[in-house]
Amino acid sequence: MGAFIVVSGGLFLTGSRGGALVYLIAIAVVLIRRHRFTDLLVVILAAGALSFAVPDRVWDRLTLGLDDFGAASINTRNDELTKGRVAGWALLAPEILESPIWGKGIGSTAWNAATKSRQYRATLAHNMYLDILLDIGILGFVAILYLYYRYAQAMNRLSRESEISPLFRDF
C-alpha cells in the first residue's frame, strides 16, 4: 500500500497528463480483474486523500487546456492543450506517404522536409506512433504491434499461473 501511495504521488507531481491517464487505466484493469470490494474501497480512499494532498499547481497542470479543445489545431503552435504538437504532426505526417512500407530510417524526423526548412524545430515527433511510421514504416509498426501482442499473451498466461504468488500474478 505504501508503494502505491508513493508511486501515485510521484506520478501526479510530474504533471504528465498522459502518464496519469495510463496509470488510472492500469489501476482500473487491476481492480476489474481482482473482483475485491476491499481493494476498490482502498483505491477510492487513497484517491480521495491524494486529491486533497496534491497542490493546486499540480491540478492546474493536469487540467491545462482541457477547457478549450478547439485550441488544438493544425494552425496553432501555442495552444495550451498540446503546446503545438498537433501543428507539428501536421507538418511531419505527409512524409509517411513517401515511404509508407518501410519508412525513411531511424531518426528520420531530423531530415524531414519540415525540419530542414525550420518549420519544425525538434528532432522527434513527440508522438510514438508517428515516429514509428516515419522511421520504420508500416512493416515495422506491424512488427512492434505483434511483439506487444506476444508480450500481452505471455503476461496474461503468467497472471493465471497457480505456482506464482498472487502478488506477482497481479503485477
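The values are calculated or read from the model by the stated rules, or taken from the named source; none is laboratory data. Treat the numbers as computed from the prediction; the structure is a model and nothing was measured. Note that we place each Cβ from the backbone using ideal geometry, even for glycine, and neighbour counts take in every protein chain shown. Each accessible area value is taken on the protein alone, full model and side chains, heavy atoms only, with ligands, DNA and RNA left out. Shrake-Rupley method; radii C 1.70, N 1.55, O 1.52, S 1.80 Å.
Suppose the filter is closer than 30 Å to residue 171 by Cβ and modelled with pLDDT under 90; does residue 160 pass it? So residue 160 fits the description; yes. For the condition modelled with pLDDT of 90 or more and of a type in the set (Phe, Trp, Tyr), residue 129 qualifies. Residues in the range 98-109 that are assigned to a loop (DSSP other than H, G, I, E, B) and not basic (Lys, Arg) were compared, and the one that is surrounded by the fewest Cβ atoms within 10 Å (Cβ to Cβ) is 101.
Within the range 110-141, the set of residues being outside any helix (DSSP H, G or I) and of a type in the set (S, T, N, Q) comprises 112, 117, 119, 123, 127.
Within the range 40-61, residues that are without any contact (Cβ under 8 Å) to a residue 12 or more places away in the chain reach partners that are open to solvent by less than 50 Å² (accessible area, probe 1.4 Å) and in a helix (DSSP H, G or I) with beta carbons closer than 6 Å, at six or more positions or on different chains, in the pairs 40/31.
So, in the range 23-43, of the ones that are out of contact with any Asp or Glu (no Cβ under 9 Å at 6 or more places or on another chain) and open to solvent by 100 Å² or more (accessible area, probe 1.4 Å), which residue ends up farthest from residue 159 (Cα to Cα)? Ranking the qualifying residues of the range 23-43, first place goes to 37. Of all residues in the range 87-104, those that are closer than 11 Å to residue 130 by Cα and among the aromatic types (Phe, Trp, Tyr) have Cβ atoms under 7 Å from Cβ atoms of residues that are open to solvent by less than 70 Å² (accessible area, probe 1.4 Å) and assigned to a loop (DSSP other than H, G, I, E, B), 6 or more apart or on another chain, in 89/125; 89/127.
Starting from residues that are open to solvent by less than 100 Å² (accessible area, probe 1.4 Å) and in contact (Cβ under 8 Å) with a residue 24 or more places away in the chain, keep the ones in the range 133-158 and report whichever is farthest from residue 88 (Cα to Cα).
First, pick out the residues of the range 133-158 that are open to solvent by less than 100 Å² (accessible area, probe 1.4 Å): 133-138, 140-145, 147, 152-154, 156, 158.
With in contact (Cβ under 8 Å) with a residue 24 or more places away in the chain added as a condition, the list becomes 133-138, 140.
Details: 133: 15, 134: 14, 135: 16, 136: 19, 137: 19, 138: 21, 140: 22 Å.
The residue in question is 140.
Output the number of residues of the range 1-18 satisfying the condition of being open to solvent by less than 50 Å² (accessible area, probe 1.4 Å), more than 27 Å from residue 160 (Cα to Cα) and in a helix (DSSP H, G or I). Result for the range 1-18: 5.
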